[in-house]
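Right, one structure below, let's go through it.
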Amino acid sequence: MKLPTEIFGEVVVVHTPEELTDDNATQFEQFVTSQDCCKVIVELDSTESIDSSGLTALVSAQEALRELHGDLKISTTNKTNRKILELTRIDQQLEVFESVIDAVKSFV
């Protein structure tokens, strides 16, 4: 899996695919954890469908990055995705920001 990324100093921003589901969750997690940086922001604005496998991949990727002394944070203005993160309480484990810039600043 190849996804668009941006680098802000020591932070990499990964733009998620249209769907983050059982079909691609494992590949997504592997992509996120294989970046040169261990501080990762997952930007969910373009994602229209997230299932339990996608949510599990986000949490598993965060755990793997934390073992490398990094972290994973979420950026999204997509109201549906924010609601999914709230309802599943994933937002209590992963920090969620309104903008990529706010998420990047949180690493400083």
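If a/c stays under 1.5 just call it rounded; otherwise compare a/b with b/c (prolate if a/b is bigger, oblate if not). Do that for the range 1-67, with a ≥ b ≥ c from the square roots of the Cα gyration tensor eigenvalues. The shape class here is oblate. Shown for the chain are the DSSP H helices of 18 Å or more along their axis, judged by Cα atoms, with a mean Kyte-Doolittle hydropathy of at least 0.0: 52-67. With each label modelled as a point 7 angstrom along the Cα→C-beta vector, the D23-S46 pair spans 1.6 nm. If I take every Cα pair under 8 Å that is 6 or more residues apart in the range 51-108, average their sequence separation and divide by the length, what percent do I get for the relative contact order? Normalised by residue count, the contact order of the range 51-108 is 34 percent. With the highest mean first, a sort of the peptides 96-103, 59-66 on other beta-carbon atoms found within 10 angstrom per residue produces 59-66, 96-103.
In 5 Å bins starting at 0, how do the alpha-carbon pair distances of the range 48-108 split up by percent? Pairs per bin, as whole percents: 4, 18, 27, 28, 17, 6, 1.
Listed by chain and number, the lysines placed with their C-alpha closer than 24 angstrom to that of K105 are K39, K73, K79, K83; residues fewer than eight positions away on the same chain are left out.
Bear in mind that the values in this text are calculations on the coordinates, not laboratory data. Just so it is clear, the structure is predicted and the values come from calculations on it, not from any experiment. A quick note on method: Cβ atoms are made from the backbone with ideal geometry, for glycine too, and the neighbour counts reach across all protein chains shown.
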